[in-house]
1. Please go through region B:195-206 and pick out each residue that is closer than 14 Å to B:His237 by Cβ and either touching a Pro at 6+ places or on another chain (Cβ under 6 Å) or open to solvent by 90 Å² or more (accessible area, probe 1.4 Å) (or both).
2. Here is a list of conditions, (1) crowded, with 17+ Cβ neighbours inside 10 Å; (2) in contact with a strand residue (DSSP E or B) (Cβ under 8 Å, 6 or more places away or on another chain); (3) more than 10 Å from every other protein chain (Cβ to nearest Cβ), and A:Gly20 meets all of them except one; can you say which number that is?
3. Restrict the check to region B:32-42 and report whether at least one residue is under 19 Å from B:Leu120 (Cα atoms), more than 10 Å from chain A (Cβ to nearest Cβ), modelled with pLDDT under 95 and open to solvent by 40 Å² or more (accessible area, probe 1.4 Å).
4. Looking at region A:36-51, which of its residues are under 21 Å from A:Pro10 (Cα atoms) and out of contact with any Pro (no Cβ under 7 Å at 6 or more places or on another chain)?
5. If a residue has to be farther than 28 Å from B:Met92 by Cβ and either hydroxyl-bearing (Ser, Thr, Tyr) or surrounded by fewer than 10 Cβ atoms within 10 Å (Cβ to Cβ) (or both) to count, how many in region A:218-248 make the cut?
6. Can you tell me which residue among B:Ala84, B:Ala75 is touching a residue at least 60 places away in the same chain (Cβ under 8 Å) and in contact with a strand residue (DSSP E or B) (Cβ under 6 Å, 6 or more places away or on another chain)?
7. Confirm whether A:Leu189 is touching a residue at least 40 places away in the same chain (Cβ under 8 Å) and closer than 21 Å to A:Val241 by Cα.
8. Output the number of the condition that B:Asp169 fails; it satisfies all remaining conditions of (1) outside any helix (DSSP H, G or I); (2) on the phi < 0 side of the Ramachandran plot; (3) in contact with a helix residue (DSSP H, G or I) (Cβ under 9 Å, 6 or more places away or on another chain); (4) not hydrophobic (A, V, I, L, M, F, W, C).
2 protein chains.
Amino acid sequence: MTDPAADEKPVVILIAPQLGENIGMVARAMLNCGLTELRLVRPRDGWPSEKARETSAGALEVIDGAQVFETTRDALADLTRVYATTARPREMVTRVLTPAAAAREMRAEASGGGGKAGVLFGGERSGLDNEDISLADTIITAPLNPGFTSLNLAQAVLMLAYEWWIAGDETPAERLETNLSEVATKESLDNFLIRLEEQLDEGGFFRSAPMKPTVMRNIRSLFQRARPTEQEISTLHGIIVAIRRAERNAPRYDRRRREES
Amino acid sequence: MTDPAADEKPVVILIAPQLGENIGMVARAMLNCGLTELRLVRPRDGWPSEKARETSAGALEVIDGAQVFETTRDALADLTRVYATTARPREMVTRVLTPAAAAREMRAEASGGGGKAGVLFGGERSGLDNEDISLADTIITAPLNPGFTSLNLAQAVLMLAYEWWIAGDETPAERLETNLSEVATKESLDNFLIRLEEQLDEGGFFRSAPMKPTVMRNIRSLFQRARPTEQEISTLHGIIVAIRRAERNAPRYDRRRREES
């Protein structure tokens with residue numbers, strides 16, 4: 001993903017946050033997801049905050065760049081689109097989006113040159129009041145366990161920031177970490193399976209000749225499912241060699257005992 | 001969404017967590033997303049923990065039901081599928097999923113009656129070690145800001161739990177909260193616009209007759225975009241009445257002054 005320009009990223013606006021620790025954790029969650037612009041409206045314990053710096057775990061570009069405002073209106077003045085986060089339904093007629101839908105909308109608007117967005121988060125105690133919510137164009141409500149919707153402030157910010165981040169992310173949903181080795185070709189896999197089959201024939205593994213193709217298909221399936229790398233195929237060959245060597249090195253009496261059993 | 005049965009939900013397993021506060025915040029994040037089964041392997045500060053109860057914000061069913069294990073192997077013994085969360089690439093050949101993809105996989109397997117899944121999270125200081133990771137079938141790595149991937153423990157749990165929750169959630173991405181009033185029908189909107197147009201005609205609003213249809217289309221678009229409810233249409237009618245009444249009630253001299261200007 002190419003990191004969007006700063007003015008294409010939503011601003012996080014905390015209304016009357018209480019604890020510096022929480023502001024620090026918000027900053028950390030923001031930077032985890034590439035967000036950098038933090039605004040604080042009437043932080044209860046003042047600003048700057050040493051505790052916020054500590055709990056930010058090094059997200060100092062967010063902490064040191066934070067701006068403080070006296071009113072929500074002032075904090076929003078330069079924005080063109082404002083979202084308010086709340087878990088509770090309000091007595092207003094309003095658009096309600098999930099975090100994922102809001103994130104897609106912010107991405108789409110920003111890439112269309114559509115101005116600057118911000119997201120309001122209420123304080124730890126009681127969230128946003130209706131006056132602040134009425135300044136927002138749209139409400140964001142995360143679909144949570146209806147029996148337990150009380151979200152920690154930094155968790156609420158993370159949820160939104162993470163959705164914003166992945167809305168522009170192109171990481172494949174699934175990949176195989178191969179640690180620089182290549183995934184084995186079918187030819188390599190076949191060569192190993194042919195060798196294994198010879199060994200199994202030699203060792204009297206196949207009790208029923210007609211079942212042999214089925215048994216081999218099942219064995220193939222097991223190894224194939226593991227998607228071995230070329231290096232792992234070498235390891236499998238090595239395992240065959242080692243098992244034979246173990247037998248060769250075994251003391252005579254031991255070998256005989258096994259034959260009798 | 002119907003809440004899945006307990007044995008269809010993934011278990012959260014914290015390996016050597018340090019602070020009780022963080023375990024409490026993990027429990028809170030889990031319950032926010034409907035997860036209830038927590039397992040702790042060698043919690044540094046012992047268990048039970050009063051601090052964990054405090055920071056769980058009431059997620060006591062998770063805290064009180066938490067089980068403690070001496071080894072990771074013991075904590076995994078009854079599971080059929082294990083995921084390990086880590087931000088760093090490891091020297092292993094392994095499947096790597098995003099949190100969203102892992103969540104979909106867990107949902108799909110559980111609904112197919114495919115056993116019980118668990119997710120390993122490492123301690124605050126250094127995450128999971130390679131030995132613990134090797135016990136997992138699959139790695140989960142969240143695509144984060146590559147310049148700042150250090151996630152708080154409860155944040156990591158939330159990210160996964162939230163993806164699991166919404167993978168089974170049917171909340172519409174967008175809805176209009178109408179506070180019990182119905183969204184207005186087109187007929188209601190038309191009736192209002194006809195009345196408004198009459199008022200505007202009467203007030204000499206349309207300077208150019210040929211432009212009138214365009215102007216009215218733009219006005220319609222503005223009101224239509226707002227998706228007013230029936231109640232709001234009533235309010236709009238009331239606004240017209242009120243503006244006329246304001247004029248009617250205005251003192252004579254005031255009215256004359258405006259006419260002159």
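1. B:Glu198
2. (2)
3. No; the residues of region B:32-42 include none that is under 19 Å from B:Leu120 (Cα atoms), more than 10 Å from chain A (Cβ to nearest Cβ), modelled with pLDDT under 95 and open to solvent by 40 Å² or more (accessible area, probe 1.4 Å).
4. A:Thr36, A:Glu37, A:Leu38, A:Arg39, A:Val41, A:Arg42
5. Residues flagged as farther than 28 Å from B:Met92 by Cβ and either hydroxyl-bearing (Ser, Thr, Tyr) or surrounded by fewer than 10 Cβ atoms within 10 Å (Cβ to Cβ) (or both) within region A:218-248 amount to 1.
6. Working: B:Ala84 fails: touching a residue at least 60 places away in the same chain (Cβ under 8 Å).
Being touching a residue at least 60 places away in the same chain (Cβ under 8 Å) and in contact with a strand residue (DSSP E or B) (Cβ under 6 Å, 6 or more places away or on another chain) holds for just one of B:Ala84, B:Ala75, which is B:Ala75.
7. yes
8. The number of the failed condition is (3).
The values are calculated or read from the model by the stated rules, or taken from the named source; none is laboratory data. In this text the structure is predicted, and so the values were computed from the model without any measurement. With ideal geometry, Cβ positions are generated from the backbone for all residues, glycine too; neighbour counts draw on all protein chains shown. When the accessible area is computed, the model is the full protein with side chains, heavy atoms only, and any ligands, DNA or RNA have been set aside. Shrake-Rupley method; radii C 1.70, N 1.55, O 1.52, S 1.80 Å.
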